[in-house]
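These notes concern the structure reproduced below.
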Amino acid sequence: MGLTVALATVRGPMECARRSDELADRAILEVTVKNAPFAPSGDRRVTNPKTDRRLVEHSHLLKRAMEASVLLHLHPKSRIEIVVWILADDGGRLCAAINAATLALVDAGVPMKDLVCACSAGYAGSSVGADTTLIDLNRQEELSGGGSGSSAVYMPCAMMPQRGTVVLSQCEARLPGLSTLERVLDAGMEGCHAVFEILQAAIRERASTMLAARSGQATIENAFPTSEVSSVDG
């Protein structure tokens, strides 16, 4: 999502650490969002994912979004662990985490109803009456309201595009009216559909690569090709 980079890992289904955590009818999701010390620009503090308010909130929202799509009833008395590392943060951290977790679940073979695609939307109004709906806001646009000088309106939105179901929509700003909410939400849903096309292309490319490797037709490219090394006599 722009300059924001997220790395997601999935483990499971596997046995629960404690028997008291097991659910007889479905699996449980354990979601953790972590922030790398070098991710935010200018701030190198190490954040604790269990005590930092924003990271705890993002972990909770990510868990709710994934629970809407993952077929947990197929793996009772087990758990699925999702860990997302934010490697670069330029806005849209939650949306990047949701998209990365979706691809990680697909790559791990976890059954899902549909892909969960996320995209942020915002609203930039001005005193002259002109307004603009923004998609995939960066950090500066989130804080400045799109550069208009008005209060920032930022709404992360996640949905299952093939089902047309919105699983997450959060806005902490005060909106001018219901029409503005509808515009921002529609823009976020359009962004989710665009993200769906990108994720679908990435999944197909990954699947074709794995099938080629299984059939013995894959080639390994050296990322560090050998070159002539000039020696300097000391």
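How much length would be gained if the chain were fully extended between L178 and H60, taking 0.36 nm per residue of separation minus their Cα-Cα distance, in nm to one decimal?
Result: 39.8 nm gained on full extension.
Which order do peptides 65-75, 171-181 fall in by mean Cβ count within 10 Å, highest first?
Descending packing order for the listed peptides: 65-75, 171-181.
Could you list the residues of the range 66-105 with an amide nitrogen less than 12 Å from a label point located 7 Å from the Cα of M14 in the Cα-to-C-beta direction?
Inside the label zone: 79-83.
Leaving out same-chain residues fewer than 8 places away, which lysines sit with a Cα under 21 Å from that of K34?
Straight-line reach from K34, under 21 Å: K50, K63.
Can you sort K77, K50 by 1.4 Å-probe accessible area, starting with the largest?
Of K77, K50, the descending order of accessible area is K50, K77.
How far apart, in nm, are two points set 7 Å out from the Cα along the Cα-to-Cβ line at L23 and at R206?
2.4
Sum up the charges of everything whose Cβ sits under 11 Å from the Cβ of A6, counting Lys and Arg as +1 and Asp and Glu as -1, but leave A6 out.
Taking every other residue near A6 into account, the sum is +1.
Note down the nm distance, to one decimal, between modelled labels 7 Å out along Cα→Cβ at R214 and at L7.
Output for this residue pair reads 2.7 nm.
Counting only other residues whose beta carbon sits under 12 Å from that of G91, what net charge do I get with K and R as +1, D and E as -1?
-3
The values are calculated or read from the model by the stated rules, or taken from the named source; none is laboratory data. These figures come from a predicted structure and were not determined experimentally. Reconstructed Cβ throughout: ideal geometry from the backbone, glycine too, with neighbour counts over all protein chains shown. To get the accessible areas, we keep the full protein, side chains included, count just its heavy atoms, and leave off ligands, DNA and RNA. Shrake-Rupley method; radii C 1.70, N 1.55, O 1.52, S 1.80 Å.
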